[in-house]
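I have placed the structure first, in the form of structure tokens, so that the comments after it can refer back to it.
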Amino acid sequence: MRATFALTLLLGCLSGILAQQANIDSSVSKELVTDCLKENGVTPQDLADLQSGKVKAEDAKDNVKCSSQCILVKSGFMDSTGKLLTDKIKSYYANSNFKDVIEKDLDRCSAVKGANACDTAFKILSCFQAAN
């Protein structure tokens, strides 16, 4: 796995998973992820705690959850209300080798809902992470 996507995968980020599968330019994805982490005040310790299992996904801080939403919104895969834009995702990856896998995961994860838009984004991303 490319180191560029470590933060994304650590957060269970859909955009990171999809970007890695589709071989999207890593500098764009890394910048997007880094910007969202900074905007939401996610620290290296927050990430380390998630990676090590010290903090379980269900106990993730709101800033981590909102980073997930930020990444999805800036990627164009979710609107600001927490609605996953499945048609955009499907069309974006229509010519990808991973089209079938992405569609299967979307069918399984797109209906996941949380307490708010940030929670929904994080839960959807956790669902995708569990699938890979």
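The values are calculated or read from the model by the stated rules, or taken from the named source; none is laboratory data. Here the structure is a predicted model, which is why all the values come from computation and not from measurement. A quick note on method: Cβ atoms are made from the backbone with ideal geometry, for glycine too, and the neighbour counts reach across all protein chains shown.
Quick grid of which residues meet (1) in contact (Cβ under 8 Å) with a residue 24 or more places away in the chain; (2) touching a Leu at 6+ places or on another chain (Cβ under 7 Å); (3) within 13 Å of PHE128 (Cβ to Cβ):
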position: VAL42; (1), (2), (3): yes, no, no
position: ALA48; (1), (2), (3): no, no, no
position: SER52; (1), (2), (3): no, no, no
position: ALA60; (1), (2), (3): yes, yes, no
position: CYS66; (1), (2), (3): yes, no, no
position: LEU72; (1), (2), (3): yes, yes, yes
position: LEU84; (1), (2), (3): yes, no, yes
position: ILE89; (1), (2), (3): yes, yes, yes
position: LYS99; (1), (2), (3): no, no, no
Item checked: Hits in region 47-60 - residues which are crowded, with 17+ Cβ neighbours inside 10 Å and either at pLDDT 85 or above or touching a Ser or Thr at 6+ places or on another chain (Cβ under 7 Å) (or both) -> ALA57, ALA60
Margin query: Give me the residue from region 109-132 that is under 15 Å from SER75 (Cβ atoms) and in contact (Cβ under 8 Å) with a residue 60 or more places away in the chain and, out of that set, surrounded by the fewest Cβ atoms within 10 Å (Cβ to Cβ).
Written below: PHE128
Next item on the list: Answer with yes or no whether GLY16 is buried (at least 17 other Cβ atoms within 10 Å of the Cβ), in a loop (DSSP other than H, G, I, E, B), at pLDDT below 80 and touching a Phe, Trp or Tyr at 6+ places or on another chain (Cβ under 9 Å).
Entry: no
Notebook entry, point to check: Could you list, in sequence order, the residues of region 87-108 that are small (Gly, Ala, Ser) and either surrounded by 13 or more Cβ atoms within 10 Å (Cβ to Cβ) or assigned to a loop (DSSP other than H, G, I, E, B) (or both)?
Noted result: ALA94, SER96
Margin query: Yes or no: region 58-68 includes at least one residue that is farther than 24 Å from LYS30 by Cβ and out of contact with any Lys or Arg (no Cβ under 7 Å at 6 or more places or on another chain).
Written below: yes
